[in-house]
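The values are calculated or read from the model by the stated rules, or taken from the named source; none is laboratory data. All of these numbers come straight from a predicted model, not from anything done at the bench. Glycine also receives a Cβ, built like all others from the backbone with ideal geometry; neighbour counts cover every protein chain displayed.
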């Protein structure tokens with residue numbers, strides 16, 4: 001029997017269920033409002049208070065300190081007892097596994113620097129504004145992640161040849177789009193078996209903090225952050241493409257509510273600049289002294305390596321100097337010497353990758369506000385030297 005206000009929907013299955021079973025889905029609350037030209041809503045401010053961004057001055061760090069790394073938590077941070085927690089690997093496998101945290105830590109380990117970016121970064125800069133976490137540019141961070149390669153765990157479990165995908169289930173659970181579900185995402189076997197895809201238990205040399213997925217999270221370098229499932233406790237091999245909410249409905253490039261859209265995957269190329277000088281408290285407009293100013297920032301992408309960064313000064317573009325990348329999947333620094341003259345100026349930066357993709361000056365709009373890699377601009381007042 002269904003309770004009032006509930007309906008039964010197939011294809012969404014929680015961590016305690018097997019593929020193909022039905023899940024009770026609450027028809028509550030009302031669907032979110034369509035994109036808006038109005039002021040920020042209370043709900044957006046509430047999400048902004050829970051989901052912090054990286055202050056752009058933290059671009060100065062090669063490795064983002066853990067407390068400054070961006071954070072997105074869809075539902076609640078779950079309380080997980082690491083002594084009883086187990087990672088289940090099941091479904092279409094020959095040898096189902098249940099692994100403790102100590103057993104995972106005893107396996108071969110890798111540490112790699114990886115830049116993560118939220119797929120909704122830049123959403124609040126679109127007009128009209130899709131209603132969700134109102135990111136500007138700050139949903140970004142680069143950490144040193146330590147864990148064990150997923151592919152070896154899959155080999156031990158013996159994933160069967162007719163498995164199509166792996167479904168990764170986190171311990172966080174809630175309602176989104178009228179669907180009650182645990183946070184789940186899937187990957188094809190080809191993507192999951194990449195050598196750099198890791199099961200992570202440490203961030204920046206310390207155990208994962210609760211908000212970053214303790215005791216275990218997935219790390220999928222090159223993809224937007226929604227793929228790196230936190231509080232991971234189950235990996236299920238399934239025969240058909242996964243159609244859970246976070247996979248089939250959320251995270252799509254859509255033109256309107258009815259458009260099925262194209263799924264979000266790899267990070268689009270982007271550069272950001274560390275704001276120079278000092279800020280005005282409220283507007284964040286910058287104040288610098290006339291003369292030579294060293295402009296610095298970072299550039300990254302998940303589809304191809306960054307090959308060029310340009311800096312724009314009042315609409316005139318020139319090449320910046322690129323620093324070596326921190327790693328294959330991490331951002332690289334850049335610098336530019338600006339001879340700042342007194343007056344009002346606008347600075348900008350844009351990156352180009354090895355495939356020739358360049359950040360757009362006017363990014364195309366999409367209904368969910370995904371993958372907005374539009375060019376950053378910074379208003380600067382230059383005062384004459386005393």
### Task
Tell me, please, whether a residue that is over 30 Å from residue 131 (Cα atoms), assigned by TED's automatic domain parsing to the domain that holds residue 212 and modelled with pLDDT under 95 can be found in region 21-33.
yes
### Summary
Checked region 50-69 for anything within 16 Å of residue 120 (Cβ to Cβ) and outside any loop (DSSP other than H, G, I, E, B); matches are 50
### Message
Let me confirm something: among 311, 382, 306, 375, which residue is in contact (Cβ under 8 Å) with a residue 40 or more places away in the chain and either under 21 Å from residue 136 (Cα atoms) or out of contact with any strand residue (DSSP E or B) (no Cβ under 8 Å at 6 or more places or on another chain) (or both)?
### Response
375
### Task
Could you tell me whether region 224-234 includes any residue that is free of Cβ contacts under 8 Å to residues at least 24 places away in the same chain and within 26 Å of residue 328 (Cα to Cα)?
no
### Query
When region 259-299 is examined, which residues are found to be assigned to a strand (DSSP E or B) and under 25 Å from the mean Cα position of the chain (by Cα)?
262, 263, 266, 270, 271, 272, 273, 296, 297, 298, 299
### Message
Given the options 312, 356, 369, name the one that is surrounded by 13 or more Cβ atoms within 10 Å (Cβ to Cβ) and on the phi > 0 side of the Ramachandran plot.
### Response
369
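State whether the residues of region 312-328 include one that is within 28 Å of residue 133 (Cα to Cα) and assigned to a strand (DSSP E or B).
The first filter runs over region 312-328 and keeps only residues within 28 Å of residue 133 (Cα to Cα), leaving none.
No, because not a single residue in region 312-328 is within 28 Å of residue 133 (Cα to Cα) and assigned to a strand (DSSP E or B).
Residues are listed down the side, and each one gets a yes or a no for (1) assigned to a loop (DSSP other than H, G, I, E, B); (2) within 17 Å of the chain's Cα centre (by Cα); (3) over 30 Å from residue 310 (Cα atoms):
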position	(1), (2), (3)
190	no, no, yes
229	yes, yes, yes
237	no, no, yes
242	yes, no, yes
### Query
Given 173, 194, which one is within 18 Å of residue 265 (Cα to Cα) and surrounded by fewer than 19 Cβ atoms within 10 Å (Cβ to Cβ)?
194
### Query
Of (1) closer than 23 Å to residue 92 by Cβ; (2) crowded, with 19+ Cβ neighbours inside 10 Å; (3) in contact with a helix residue (DSSP H, G or I) (Cβ under 6 Å, 6 or more places away or on another chain), residue 216 satisfies all except one. Which?
(3)
### Query
Can we say residue 98 is under 14 Å from residue 234 (Cβ atoms), without any contact (Cβ under 8 Å) to a residue 24 or more places away in the chain and surrounded by fewer than 16 Cβ atoms within 10 Å (Cβ to Cβ)?
yes
